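Heads up, the thing below is written out as structure tokens.
Derivation of every value follows stated rules applied to the coordinates shown; laboratory data play no part. The shown structure was predicted, so the numbers you read here are calculated from the model rather than taken from an experiment. Every residue, glycine as well, gets a Cβ built from its backbone with ideal geometry; the counts of neighbours run over all protein chains shown.
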Amino acid sequence: MQSRYAVLLADVIASGRQRRLQNILGEKLRAASQVHMKNGWIRAPYAVTAGDEFQTVATRPAMAPEILLDLRHRMRPLQLRMAIGVGAIDGAVRAPVNRMQGEAFVRARRAMDALKSGMLHKYPALTAFHTGQTSLDEIANLIYGLSDTLLRAVTAKQWRAMEAYFAKGQVRLAARALRLDPSTVSRRLSRGHYWQLAETAEAMKRLLQSEFH
């Protein structure tokens, strides 16, 4: 049986309004590549495929939800559409990923096209899956469609609380880093829907693990 890979394709929303986009994108992707390679989440560094697009290959499909959530805060202030395609890849997986091709890349592109065209839902979404399994895609896209609705409502202050929590792992330590009261940070995490976003990633990770052993 052919190995099934997960390709992540992302593009920057309203990229034309971003000043120094290439510098910001390059700097943030270098940092993300270093952390995600060290964590064992991706098989190769992120590669820019067009002026405002980039992609990589996850170590396995179940890693995609963690990557999606981490990129949401790590790439700020850039806002991203992100598409996951699962399938075969032609040849060996090696850097740079923008020179690779195969079924997983085609599906990631189709998922991105559905996002951009608005065909995925009757409401705006930021994330799409195309795995080749219709029932799984329906579940994943519904879950992320709802999660993206919450994501769009997160304020700048709430994002800063989430970023500190990601970095420190504890509300108390995040509050110290932000020089805020722990109750303030806890409230911002709750109002920013952090716990729902985190549970979405964890639930989707388990679902993908069950489907792609």
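For segment 1-31, trypsin sites (Lys or Arg not before Pro) are listed when DSSP marks them as loop and at most 11 other Cβ atoms sit within 10 Å of their Cβ; the list is ARG19, ARG20. The alpha carbon centroids of segment 1-44 and segment 125-193 are separated by 18 Å. The count of lysine pairs in the chain whose Cα atoms are under 30 Å apart, excluding pairs fewer than 8 places apart on the same chain, comes to 15. For the chain, the residue among GLN101, MET37, ALA88 whose Cα projects farthest onto the positive side of the dipole built from Cβ charges is MET37. Dipole orientation for the chain: of the candidates LEU146, ASN23, ALA201, ASN23 has the Cα lying most toward the positive pole (charges on Cβ; Lys, Arg +1; Asp, Glu -1).
Taking springs between alpha-carbon atoms closer than 10 angstrom, which of THR59, THR127, THR155 fluctuates most in the Gaussian network model of the chain? Result for the chain, Cα springs under 10 Å: THR155 fluctuates most. Computed over the alpha-carbon pairs of the chain, the distance histogram in 5 Å steps reads 1, 7, 15, 19, 20, 17, 11, 6, 2, 1, 0 percent, short to long. Restriction of the trypsin sites (Lys or Arg not before Pro) in segment 144-213 to DSSP coil positions whose beta-carbon has at most 14 other beta-carbons within 10 angstrom yields ARG152, ARG179.
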